[in-house]
Every structure is written in C-alpha cells, then in structure tokens.
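Let me begin by presenting the structure, written as structure tokens, before commenting on it.
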Amino acid sequence: MGPEIIYAFFAFLGFLFWFLFKILWRILVVLLNIILIPCALINNYVRVKFWGLPKRKIDTAIFKKKPFLKTNLTPLGLIENLCVLLTINHKSIKMKKLFFCIAVFASLSLVNAQSLKSLDQFKASFTMDSAESLGGGEYKLTASGQAGPYGRVFCNFHFTNKLNNQTGLGEFTGMAWSQVDGVITEASLQGISKFNGKTFTVYSFDALSDGKVMMWKGDFDFVNKTIELEVQQIE
C-alpha cells in the first residue's frame, strides 16, 4: 500500500469534516435568524410607532446563508435595545437619549468601579497625653489608648495646613506603636482633618507593619482630651 492510499484517506476525512461543519453552520444560521429577525421587527415597530423614525431595512429570509447581523450585539447595542423597552411609552427622542446615557453610565460604572472590601472592624478610644501648637495652624499631639486587637496603642500626630485653607481643612501624618504579648506592631498614619466648630473630624489611611491596611474616621475633642475612632481593615 503506497502513500497515495494515506493521502486519499486524509482527503476523505477532510471532506467529511467540511461537509458536517457546513450542515452545523446552516443549522446555527437558521437558529440565529429565528432569534434576531423578530428582535429587529420589534425594534422597527417601536421606531415608527413611538419615535416617528423611518424603518430600517430588514431581510426576513430565515434560511439565507448568513445570519441577520443588523441588530447590534455589542454591549452598547444591547443597552440601546434595553432603552427601547424602557422608553416604549415615550414619544420624545430626547427621553430615549437620556435613558441611553444613563444606561451607558451605569454599565461603565459597574464594569470599571473598584470598591473597597471591608474586613475586620473595631472601635478605639484614646486619651490625649500632650498637645503643642507650632503656629500657623500647625501643631503636634500625642495620645494613648485601647485599639481592639492591638491592645494599648501609643501614637503621635503632626497636623499641618499646607494649603493655607481658611475653612478648617488640613492634613496630618503620624506614627502608632503597640505590643501584644511578644508581637510589636507599628503603623504610619496619614490623612486629612476638618474642624466642625467643636471637634475635629479626622480621616486616615494607615499602613501597618503586619501587612494590613486600616482606614478610620475619628472625632478629636481637644477640650475633653478624647479621641474616638471607628476603624476597619480594607483590602
């Protein structure tokens, strides 16, 4: 048996595969046309009936060689089709555009937005040990207290007003230190502060030596020498 027999065998397999593929493709084309052509007809009905727009040309031959591709199957196209259903009772084209813009904005927000994942949460209470004014809205503060799983924590804050903001808005940096049994944890503090007339509201993002990231909101009461924090670990 020469190589011609092997060539003929593979040629036969290739022809058989092509024939089966063509049959499957024709079935798929028919199914796609059955689904997409009614969608296009409904879209045309809405365009003419409610928006006063001209009809789009639609090939309704279900058994044609190519699937109906005039319906936009991209994400924005699907959003537009959704707008057709949402605005079916509105004759105003401006209303359609408004819903379309809202849908696009919402979709992009859902795809691109990255939310903070909250993990452990706890409260912390501190007592101000000392405070020092450096002038020009700059001052230093030391405090100590209990901070959830970190036990007793000692920290210092350096508040500044680099933008010379006259509305009580400023920024700060600082350090915190704690020891639980034989484990020492340090944290770098950085954030902003806002004077609300009686106390300072402070927001901070902290990097810890144990690899964790903490975010907290605090109420600094210089009259009563107290600091109350709501802390949460984020990812």
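The values are calculated or read from the model by the stated rules, or taken from the named source; none is laboratory data. What you are looking at is a predicted structure, and each value in this text was computed from that prediction instead of being measured. Don't worry about glycine lacking a Cβ; one is built from the backbone with ideal geometry, like all the others, and counts go over all protein chains shown. Quick note on the areas: whole protein, heavy atoms, side chains included, nothing else; ligands and nucleic acids left out. Shrake-Rupley method; radii C 1.70, N 1.55, O 1.52, S 1.80 Å.
Can you tell me which of (1) over 20 Å from Val231 (Cα atoms); (2) part of a strand (DSSP E or B); (3) open to solvent by 70 Å² or more (accessible area, probe 1.4 Å) is the one Gln166 doesn't meet?
Of the numbered conditions (1) over 20 Å from Val231 (Cα atoms); (2) part of a strand (DSSP E or B); (3) open to solvent by 70 Å² or more (accessible area, probe 1.4 Å), the odd one out for Gln166 is (2).
For segment 123-174, which residues satisfy the criterion of being aromatic (Phe, Trp, Tyr) and closer than 19 Å to Phe205 by Cα?
Residues satisfying the conditions are Phe126, Tyr150, Phe154, Phe157, Phe159, Phe172.
Hey, can you tell me all the residues within segment 182-196 that are touching a Gly at 6+ places or on another chain (Cβ under 9 Å) and open to solvent by 50 Å² or more (accessible area, probe 1.4 Å)?
The answer is Gln190, Ile192, Lys194, Phe195, Asn196.
Restricting attention to segment 123-152, report how many residues are open to solvent by 70 Å² or more (accessible area, probe 1.4 Å) and free of Cβ contacts under 8 Å to residues at least 40 places away in the same chain.
Counting residues in segment 123-152 that are open to solvent by 70 Å² or more (accessible area, probe 1.4 Å) and free of Cβ contacts under 8 Å to residues at least 40 places away in the same chain gives 9.
Hey, any hits in segment 165-175 for a residue that's at negative phi, at pLDDT below 95 and out of contact with any Lys or Arg (no Cβ under 9 Å at 6 or more places or on another chain)?
Yes, segment 165-175 contains a residue that is at negative phi, at pLDDT below 95 and out of contact with any Lys or Arg (no Cβ under 9 Å at 6 or more places or on another chain).
Check off (1) open to solvent by 60 Å² or more (accessible area, probe 1.4 Å); (2) closer than 30 Å to Phe220 by Cβ; (3) at pLDDT 55 or above; (4) not in a strand (DSSP E or B) for Leu119 and give me the number that stays unchecked.
(4)
Of all the residues that make up segment 114-140, how many are of a type in the set (A, V, I, L, M) and over 24 Å from Gln233 (Cβ atoms)?
Here the count works out to 3.
Which residues, taken from segment 206-217, are closer than 18 Å to Asn156 by Cα and over 26 Å from the mean Cα position of the chain (by Cα)?
Ser209
Please state which of the following conditions Cys155 fails to meet, knowing it meets all the rest: (1) surrounded by fewer than 18 Cβ atoms within 10 Å (Cβ to Cβ); (2) in contact (Cβ under 8 Å) with a residue 24 or more places away in the chain; (3) closer than 18 Å to Phe122 by Cα.
(1) is the only condition that Cys155 fails.
Taking only segment 197-207 into account, find how many residues are out of contact with any Ser or Thr (no Cβ under 8 Å at 6 or more places or on another chain), open to solvent by less than 60 Å² (accessible area, probe 1.4 Å) and not in a loop (DSSP other than H, G, I, E, B).
So the count comes out to 1.
Which of the residues spanning segment 174-198 are under 21 Å from Val213 (Cβ atoms) and under 28 Å from the mean Cα position of the chain (by Cα)?
Correct list: Ala187, Ser188, Leu189, Gln190, Gly191, Ile192, Ser193.
Scan segment 213-228 and tell me whether some residue there is of a type in the set (D, E, K, R), more than 21 Å from Leu119 (Cα to Cα), part of a strand (DSSP E or B) and at pLDDT below 95.
Within segment 213-228, not a single residue is of a type in the set (D, E, K, R), more than 21 Å from Leu119 (Cα to Cα), part of a strand (DSSP E or B) and at pLDDT below 95.
Between a first residue in segment 208-235 that is open to solvent by less than 80 Å² (accessible area, probe 1.4 Å) and a second residue that is not in a strand (DSSP E or B), which pairs have beta carbons less than 7 Å apart while being 6 or more apart in sequence or on different chains?
Correct list of pairs: Asp219/Thr199; Phe220/Thr199; Asp221/Thr199; Val231/Gly148; Gln233/Lys212; Ile234/Leu116; Ile234/Lys117.
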